[in-house]
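Here the structure is laid out as structure tokens; the discussion comes afterwards.
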Amino acid sequence: MDYSCKLGPAGNLKTACLVVGVFAKNRMPPQTEVLDDALGGQIKAVLKRQDFAADTADTQMLYEPRGAAAARILLVGLGDHKDFAPGLFGKAMQAAFAVLNRSGAADCALVLPGTGENDDTYRLTRAAVDAAETAVYRFDRCKSESKPPKKPLKRIAIVVDNRAQLASAKRAAEHGRAIGNGSRFAKDLANLPGNLCTPSYLAEQAQALARGKRKLKANVLSEAQMDRLGMGSLLSVSRGSRQTAKLIVLEYKGGKASSKPIALVGKGLTFDAGGISIKPAANMDEMKYDMCGGASVLGTLAAVAELELPLNVVGVVPSSENLPDGDANKPGDIVTSMSGQTIEILNTDAEGRLILCDALTYTERFDPAAVIDVATLTGACIVALGDQASGLMTNDDALGAEILEAGEACGDRAWQLPLWDEYQKQLDSNFADMANIGGRGAGTITAACFLSRFAKKFKWAHLDIAGIAWLGGAQKGATGRPVPLLTEFLLRRAKAKM
Ligand code: BES
Ligand code: MN
Ligand code: ZN
């Protein structure tokens with residue numbers, strides 16, 4: 001999508017479609033009022049007919065308006081004025097852009113509704129760009145014939161009232177575009193099935209991402225190299241698969257050589273059948289999404305590189321399959337991790353933590369300022385938080401607060417769960433230093449407790465993204481989350497103007 005920012009008034013803009021907001025109960029934002037005056041009250045006349053209630057995401061197309069240079073006007077419901085917020089605006093815009101993508105309009109001009117008090121041009125623009133990227137996303141690589149819309153939406157102009165807003169909108173469009181590109185990168189990898197998106201494929205995509213970018217470097221470790229490092233836990237998962245495991249390392253150097261990097265560690269399990277503790281058949285196809293943490297790390301690095309943030313960032317993605325096989329892990333097996341700690345594998349389906357623990361130990365070598373790991377780690381997290389929030393657990397509450405705030409600001413939310421010491425004993429094992437599962441209660445927390453034992457040397461936060469990384473049912477598809485949250489966190493660390 002091509003984004004530009006323009007100064008109003010909207011009535012003079014030549015465009016295939018002007019997109020304007022209307023609040024419920026016939027209330028118009030001032031920008032819509034001004035336009036309606038130029039239109040001689042055509043919008044008010046439509047509202048009077050009461051066909052269009054302006055609930056959030058209602059849309060109504062008007063053709064050949066008199067008094068404006070636009071060919072169409074799309075009225076978009078913004079819901080109740082008192083509830084208006086960037087998140088709801090994003091929902092409304094997603095509906096609007098979906099309508100436009102199916103219409104004959106290839107370009108549009110979105111009139112930002114200013115509500116007066118505090119100026120949230122930046123956040124509204126970010127929400128609009130995010131909505132546009134979501135509305136036009138398609139994944140048809142695996143269809144023999146792709147059926148794209150006849151005239152897809154290609155260009156969006158954001159229309160604002162004054163120069164200060166113009167500057168904010170431009171920054172937001174730039175940030176939003178990079179986040180959109182990073183999210184699309186993650187979604188494409190995630191939607192690709194397990195037979196095509198293998199650990200080797202993920203590694204190749206990371207290498208392709210770094211190609212030609214001076215500040216970004218990719219390095220992929222083979223099983224032999226991991227073996228020399230003593231990654232017995234990670235390699236034990238991969239033993240049950242004919243695909244060889246990869247440890248993907250991306251280094252982005254945009255900051256001073258002396259500044260410690262932020263490390264992002266993402267679970268890149270390209271298919272999780274559970275191993276010998278095999279999963280039930282229903283919806284098992286969705287376990288191709290078990291690499292969404294890894295994909296979001298790669299997507300975030302893509303966004304950071306596009307924005308050229310003045311920061312150092314490392315991405316580490318352990319990648320493997322988890323399948324049943326004669327050589328696979330068996331319940332009761334004991335393996336030795338790179339840290340030297342031994343693990344009794346009581347359930348081979350708790351494999352994410354087994355590959356992440358060695359990746360976390362590996363990350364120590366970067367002497368990171370902070371480490372955030374991202375993983376579709378537990379079904380229990382879906383039970384706890386559904387598809388609204390990532391589960392956040394941390395050994396550093398200041399880091400946790402930073403992540404929560406970043407998520408709230410960009411609408412890609414996280415919610416904190418406790419990591420109290422009392423939970424650790426659920427991992428006790430009679431035969432090894434720890435077990436890889438913690439029994440029935442608090443499954444999301446005991447998974448994080450396991451990881452915390454490999455994160456003692458740095459400030460660390462864990463995001464369980466099992467509930468938010470993809471949608472099931474008729475809308476089955478990857479969401480690209482938490483690329484927005486991670487990039488927002490890094491924009492703030494880089495002190496980017498927003
Ligand atoms: N990848 C799954 C977690 C998962 C399941 C994410 C369903 C999203 C949807 C993970 O590897 C797993 O199987 N976890 C087990 C852990 C259990 C054996 C302690 C789970 O959640 O059932
Ligand atoms: Mn599993
Ligand atoms: Zn898994």
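Listed values, structure above:
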| quantity | calculated |
| --- | --- |
| Proximal aspartates and glutamates relative to Lys91, as straight alpha-carbon distance under 14 Å, when same-chain residues fewer than 8 apart are discounted | Asp55, Asp58, Asp80, Asp83, Asp130, Glu133, Asp412 |
| Antiparallel content of DSSP bridges confined to the chain, in %, to 5 | 40 percent |
| Reciprocal of mean inverse Cα separation for the chain (Kirkwood radius, Å) | 23.7 Å |
| Set Lys330/Lys459; Lys6/Lys150; Lys260/Lys456 screened for pairs whose C-alpha atoms are more than 24 Å apart | Lys330/Lys459; Lys6/Lys150 |
| Distant-in-sequence amide H partners of Asn312 (H built 1.01 Å from N, under 5 Å) | Gly254, Gly255, Ile262 |
| The range 53-67 - phi-based ³J(HN,Hα) in whole Hz, Karplus 6.51/-1.76/1.60, Gly and Pro as x | 8, 6, 5, 3, 6, 5, 9, 8, 8, 10, 10, 6, x, 8, x |
| Proximal lysines relative to Lys143, as straight alpha-carbon distance under 21 Å, when same-chain residues fewer than 8 apart are discounted | Lys151, Lys187, Lys288, Lys476 |
| Globularity ratio of the range 10-66, using Cα Rg and 2.2 N^0.38 Å | 1.06 |
| When each of Lys48/Lys154; Lys256/Lys457; Lys44/Lys497 is checked by Cα-Cα distance, pairs over 28 Å | Lys48/Lys154; Lys44/Lys497 |
| Fully extended contour minus Cα-Cα distance, from Thr342 to Glu286, at 0.36 nm per residue | 17.1 nm |
| Using a Förster distance of 25 Å, the FRET efficiency for Leu196-Glu408 (Cβ separation, nearest 0.05) | 0.10 |
| DSSP beta bridges in the range 2-160 [antiparallel fraction, %, rounded to 5] | 25 percent |
| Exposed-site-free run, longest, the chain (rule: chymotrypsin sites (Phe, Trp or Tyr not before Pro); DSSP loop; at most 13 other C-beta within 10 Å) | 1-419 |
| Folded to 0 to 90 degrees: helix 443-452 orientation relative to the chain principal axis, Cα | 70 degrees |
| Distant-in-sequence amide H partners of Ala157 (H built 1.01 Å from N, under 5 Å) | Ser4, Cys108, Ala109, Leu110 |
| Dipole of the range 2-160, positive direction: furthest Cα of Leu110, Leu18, Tyr63, with charges on the beta-carbon | Tyr63 |
| Formal net charge of residues neighbouring Gly407 (Cβ-Cβ distance under 12 Å; K, R +1; D, E -1) | -2 |
| Peptides 258-264, 278-284 ordered by average Cβ neighbours within 10 Å, highest first | 258-264, 278-284 |
| Zero-based 10 Å bins, Cα pair distances in the range 40-194, whole percents | 10, 35, 37, 15, 4, 0 |
| Between 0 and 90°, nearest 10: helix 397-410 axis offset from the chain longest Cα axis | 30 degrees |
| By average C-beta atoms within 10 angstrom, highest first, the peptides 313-321, 391-399 | 313-321, 391-399 |
| Net charge of Cβ neighbours under 12 Å - reference Met284; Lys, Arg +1; Asp, Glu -1 | -3 |
| Of all accessible heavy-atom area on the chain, the percent that carbon and sulfur account for (1.4 Å) | 49 percent |
| Given charges at Cβ of Lys, Arg, Asp, Glu: the range 192-244 dipole, positive-most of Thr198, Val220, Ser233 | Val220 |
| Cys residues of the chain counted as unpaired, since no other Cys beta-carbon is under 4.7 Å | Cys5, Cys142, Cys197, Cys292, Cys357, Cys381, Cys410, Cys449 |
| Cβ-based net charge around Pro484, under 11 Å, with every Lys or Arg adding one and every Asp or Glu removing one | -1 |
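The values are calculated or read from the model by the stated rules, or taken from the named source; none is laboratory data. Just so we're clear, the structure is a prediction, and the values are computed from it rather than from any experiment. Methodologically, a virtual Cβ is constructed for each residue, glycine included, from the backbone with ideal geometry; neighbour enumeration extends over all protein chains shown. SASA here: full protein model, heavy atoms, side chains in, ligands and nucleic acids out. Shrake-Rupley method; radii C 1.70, N 1.55, O 1.52, S 1.80 Å.
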